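J.: Supplied in structure tokens, the structure appears directly below.
The values are calculated or read from the model by the stated rules, or taken from the named source; none is laboratory data. Predicted model only: the values in this text are computed from it and were never measured. Here Cβ is always computed from backbone atoms with ideal geometry, including for glycine, and neighbour counts include all displayed protein chains. In case anyone asks, the SASA skips ligands and DNA or RNA and just uses the protein heavy atoms, side chains included. Shrake-Rupley method; radii C 1.70, N 1.55, O 1.52, S 1.80 Å.
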Amino acid sequence: MKRHVLVLAALFALWLPAAERKPNILFIFSDDHAYQALSAYQHPLKLLETPHLDRIAATGMRFTRALVPNSICGPSRATVLTGKYNHLNGFYNNTNSRFDPAQQTFVKLLKGAGYQTAVVGKWHLVSNPAGFDHWHILPGQGIYYNPPMIRNGERVQHEGYVTDIITDLAVDWIRRRDKTKPFLLMAQHKAPHREWSPALRHLGWDKDEPHPEPATLFDDYAGRGLAVRDQDMTLAKTFTPSDAKLTAPASLTPGQRAAWNAYYEPRNEKFRADQPTGKELVRWRYQRYMHDYLGCIKALDEGVGRLLQLLKDEGLEDDTLVVYAADQGFYLGEHGWFDKRWIFEESLRTPLLIRWPGLTKPGSVNHDLVSNLDFAETFLDAAGAPIPADMQGRSLRPLLAGQTPADWRKSFYYHYYEFPTPHRVRPHEGVVTDRFKLVHFYKPDVDYWELYDRQKDPQELRNFYDDPAYAAEVARLKPELERLKRQLAVPAQPPREAFGDLPLAGEPGAKAPKPPLKKKDKKSGAAKP
Ligand code: CA
């Protein structure tokens, strides 16, 4: 008995300082990084090695089912900040949504709890960052070479490659931080977003070795509904000359342009001479796409390596929670596609690697349904700050400690809105479980359901909705979808602006459309913020 008390007291003493100590939070976030292109995920195509990202996995936890509630950039970022679905944080799409900076975010709450807060890199929420002691962001989507940025409201012109610049800004901020406070740093990359422009040092990194093709590169969409058949995101039809680097980006300096031309021009010459068509054209585009997309990830991985080294050099390794995630997944030629948006696995799932020193067993793997909805609560939990009841995720702490609660979510609600531009993916909502996806495509010219079974059909090529063998599953999942919608306070009808298809002038609810892009900045070639 006495011994038990002593052991408990000793455990309490060990626990107390750790609980009182507020860890730093380094949140490294990329844009459109597919888990297929992160070697810790062991994708069968083995597209490239990411040794530095893999180190986060090796010293922390790798999540195999990190899902986003709406697979596009701005909405995902709004969810990260608020811990809420888009119908509550108001950011539905990249066309006409604007983040209301007055709303509650985990950043403001961390700042209130004594954290020093900063964001560098891509922001993409239209309104300025709120709740940060320091911000230094790309305007809008940002550009890859020599990007203009905005530092605490002031325009700054940078020279160099965007991923290196963002890493430099993150390194610099950590070095100059207020050492009396714990910090939150959000280091948010543009890469590997379209148009997938690598650092000049990585041009030709693959030595022209062919990249393996996904099995569904020539998917014919048979057996699936109009939404899948009628999208506009294929390598065959949607891929543009600038996507293919048949034209050079406008913002290169003359010296950079020479290096750019030295790689692309001889290969483009051969392409123009060969004039491939049909499947051969798709194959050529896929190879160019992979050279560029994966090339972007090389600089990203190097940047992660520099940040991990910095934590070591600054003696912060044991006190810093490191999170790596992307804002959604991405298609690397699967179904013939690039881009994202769908409830299907490649876009629904993101890479998620978390290192929580002292809590997480190194090299561990978690297969539960987790989400970027959970980040806000995880960070507040780590800081020992109260978690507001209106957040809709859940702290990942128990999972990171290796103990998934029995009542952890077994189903996940998904809702995509933006239509028709830019890729004509029809709005859909659905419920996702470990095995199944029940999807309702409901707008504007469709109203039908599909059921996918990842166990039988991992590539999601078959719709089992009308198969009598799946009737019981459909009957189980439909009420589950309704239950989730009630629990998450999803409105019966999304507001019209959710879709981004603005009402026409004169229609009820019509607003002035977004102004066209401002005149190009002569120096950088970038649109002014
Ligand atoms: Ca994105």
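J.: Pick from 452, 442, 448: which is of a type outside the set (Lys, Arg) and surrounded by 17 or more Cβ atoms within 10 Å (Cβ to Cβ)?
T.: Numbers: 442 fails: surrounded by 17 or more Cβ atoms within 10 Å (Cβ to Cβ); 448 fails: surrounded by 17 or more Cβ atoms within 10 Å (Cβ to Cβ).
Sole residue among the options that is of a type outside the set (Lys, Arg) and surrounded by 17 or more Cβ atoms within 10 Å (Cβ to Cβ): 452.
J.: State whether the residues of the stretch 265-273 include one that is hydrophobic (A, V, I, L, M, F, W, C), touching a strand residue (DSSP E or B) at 6+ places or on another chain (Cβ under 6 Å) and surrounded by 12 or more Cβ atoms within 10 Å (Cβ to Cβ).
T.: no
J.: Tally time: how many residues in the stretch 307-326 are of a type in the set (Gly, Ala, Ser) and away from the ligand (no atom under 16 Å from the Cβ)?
T.: To start, the set of residues in the stretch 307-326 that are of a type in the set (Gly, Ala, Ser) comprises 315, 325-326.
Checking which are away from the ligand (no atom under 16 Å from the Cβ) leaves us with 315.
Qualifying residue count, the stretch 307-326: 1.
J.: Here is a list of conditions, (1) in contact (Cβ under 8 Å) with a residue 12 or more places away in the chain; (2) touching a Leu at 6+ places or on another chain (Cβ under 8 Å); (3) open to solvent by 10 Å² or more (accessible area, probe 1.4 Å); (4) of a type in the set (Val, Ile, Thr), and residue 322 meets all of them except one; can you say which number that is?
T.: Unmet condition: (3).
J.: Scan the stretch 72-90 and report the pairs whose first residue is over 15 Å from residue 109 (Cα atoms) and whose second residue is away from the ligand (no atom under 12 Å from the Cβ) and charged (D, E, K, R), with Cβ atoms within less than 6 Å and a gap of 6+ or a chain change.
T.: That search, which allows pairs on different chains as well, returns 90/100.
J.: Can you tell me which of (1) in contact with an Asp or Glu (Cβ under 7 Å, 6 or more places away or on another chain); (2) in a helix (DSSP H, G or I); (3) hydrophobic (A, V, I, L, M, F, W, C) is the one residue 196 doesn't meet?
T.: So residue 196 meets the others, but not (2).
J.: While we're here: In the set 213, 159, 209, which member is open to solvent by 10 Å² or more (accessible area, probe 1.4 Å) and closer than 24 Å to residue 423 by Cα?
T.: Within the list 213, 159, 209, the selection yields 213.
J.: Something else now. Any idea which of (1) aromatic (Phe, Trp, Tyr); (2) more than 16 Å from the ligand (Cβ to nearest atom); (3) at pLDDT 95 or above is the one residue 12 doesn't satisfy?
T.: Evaluating residue 12 over (1) aromatic (Phe, Trp, Tyr); (2) more than 16 Å from the ligand (Cβ to nearest atom); (3) at pLDDT 95 or above leaves (3) as the failure.
J.: Which residues, counting only those in the stretch 26-56, are open to solvent by less than 10 Å² (accessible area, probe 1.4 Å) and away from the ligand (no atom under 16 Å from the Cβ)? Step through it out loud before you land on a result.
T.: Let us first name the residues in the stretch 26-56 that are open to solvent by less than 10 Å² (accessible area, probe 1.4 Å), namely 26-34, 36-38, 50, 53, 56.
Residues satisfying the conditions are 26, 50, 53, 56.
J.: Output yes when any residue across the stretch 285-306 is in contact with a helix residue (DSSP H, G or I) (Cβ under 8 Å, 6 or more places away or on another chain), open to solvent by 20 Å² or more (accessible area, probe 1.4 Å), within 25 Å of residue 77 (Cα to Cα) and within 16 Å of the ligand (Cβ to nearest atom), and no when none is.
T.: So far as the stretch 285-306 goes, no, none of its residues is in contact with a helix residue (DSSP H, G or I) (Cβ under 8 Å, 6 or more places away or on another chain), open to solvent by 20 Å² or more (accessible area, probe 1.4 Å), within 25 Å of residue 77 (Cα to Cα) and within 16 Å of the ligand (Cβ to nearest atom).
J.: Can you find, within the stretch 108-139, the residue that is surrounded by the most Cβ atoms within 10 Å (Cβ to Cβ) among those that are touching a helix residue (DSSP H, G or I) at 6+ places or on another chain (Cβ under 6 Å) and assigned to a strand (DSSP E or B)?
T.: 121
J.: Of all residues in the stretch 61-80 being part of a helix (DSSP H, G or I) and among the small types (Gly, Ala, Ser), which is nearest to the ligand (Cβ to nearest atom)? Give the derivation first.
T.: Just the residues of the stretch 61-80 that are part of a helix (DSSP H, G or I), to begin with: 73-80.
Now drop any that are not among the small types (Gly, Ala, Ser), which leaves 74, 76, 78.
Numbers: 74: 8, 76: 7, 78: 12 Å.
Ranking the qualifying residues of the stretch 61-80, first place goes to 76.
J.: Something else about it: Tally time: how many residues in the stretch 229-251 are touching a residue at least 60 places away in the same chain (Cβ under 8 Å) and not in a loop (DSSP other than H, G, I, E, B)?
T.: 1
J.: Right, next: Restricting to the stretch 327-340, name every residue that is more than 30 Å from residue 400 (Cα to Cα), part of a loop (DSSP other than H, G, I, E, B) and within 16 Å of the ligand (Cβ to nearest atom).
T.: Here is the first cut: in the stretch 327-340, the ones more than 30 Å from residue 400 (Cα to Cα) are 333-339.
Then drop every residue that is not part of a loop (DSSP other than H, G, I, E, B), which leaves 333, 338-339.
Once the filter is applied, which keeps residues that are more than 30 Å from residue 400 (Cα to Cα), part of a loop (DSSP other than H, G, I, E, B) and within 16 Å of the ligand (Cβ to nearest atom), the stretch 327-340 yields 338, 339.
J.: Let me ask something else about it. From the list 224, 177, which residue is over 15 Å from residue 290 (Cα atoms), among the basic types (Lys, Arg), open to solvent by 10 Å² or more (accessible area, probe 1.4 Å) and not assigned by TED's automatic domain parsing to the domain that holds residue 124?
T.: The unique qualifying residue is 224.
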